[in-house]
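Read-outs throughout are calculated quantities, based only on the coordinates presented, and are distinct from any laboratory measurement. Just so we're clear, the structure is a prediction, and the values are computed from it rather than from any experiment. Counting neighbours? That spans all protein chains shown, and the Cβs are built from the backbone with ideal geometry, glycine included.
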Amino acid sequence: MESLKSSFLHSSPLNQPPKIHKLERPPAPTILCCLKPDPWTLSSGNPKDLNKPKPKSKHAKNPLSDDNARRIIKAKAQYLSVLRRNQGSRVQTPKWIKRTPEQMVQYLEDDRNGHLYGRHVVAAIKRVRSTSGLREGEYDMREVMSSFVAKLSFREMCVVLKEQRSWRQVRDFFAWMKLQLSYRPSVIVYTIVLRAYGQVGKIKLAEETFLEMLEAGCEPDEVACGTMLCSYSRWGRHKAMLSFYSAIQERGIMPSAAVFNFMLSSLQKKSLHSDVICLEADG
């Protein structure tokens, strides 16, 4: 029994069966994605989409749809504005770049640096204006302008004519102007005279000047005809205005929108509603 105890009933603990260890799964690798949901797409109605980032805006209450697109649009608009300013009559190219060497020498001799007109042109303007205080027949424009003979170009004479403030000075200087060798008939100079007469109501003189322009072989353009129409409208010559308008329509000349609106306004003030309707129908 003792041997049995010693061999079978031994006090030492029995060998326990080996524990089976479960294999631990390795942690799933974390995949980082650089793609982010597009914050500029329309909302799907899912409340999870409410956490999408919002576009940055200068004014938080009125967020823009796309700041970058708005910036590009504004930059393009500014570029087109500058491009339009550099075309046509508002061109910003310095005048001296477009001058020939001979024109540049004349420019320096006239002391035009920083001035609109040359010294001799300014002197001619003042000389003609000095006759405004004299009565009719007290001066002779040929004597007044004797020192400027053969010194003014056609363009400079047009400037002197345009800068006059009285219709009498315009009439007398235009008569002197037609005697100069550099003068040539042009619709531009006749339009200046028509405007001067029309502003003071000298309709008869304006009509005579217009006929003289036709006899000189100058074809009236939109500006000259518009000047006559405005003169008729301003001084209540509505019948003559409508007749003149019909005549230029036959020639294929159409006045500008500003002249057309001025004509309609003049007829409307006199309650000539039937003429307004006819004019609008023709226009």
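Here the Kirkwood formula puts the hydrodynamic radius of the range 180-283 at 14.1 Å, using every distinct Cα pair. Shown here are the Rg and Dmax of the Cα trace of the range 104-190, at 13.0, 41 Å. For the range 213-283, applying the loop criterion from DSSP together with a ceiling of 14 other beta carbons within 10 Å to the trypsin sites (Lys or Arg not before Pro) yields ARG251, LYS270. With a threshold of 21 Å on the Cα-Cα distance, the over-threshold entries among LYS204/LYS239; LYS126/LYS151; LYS126/LYS204; LYS162/LYS269; LYS239/LYS270 are LYS126/LYS204; LYS162/LYS269.
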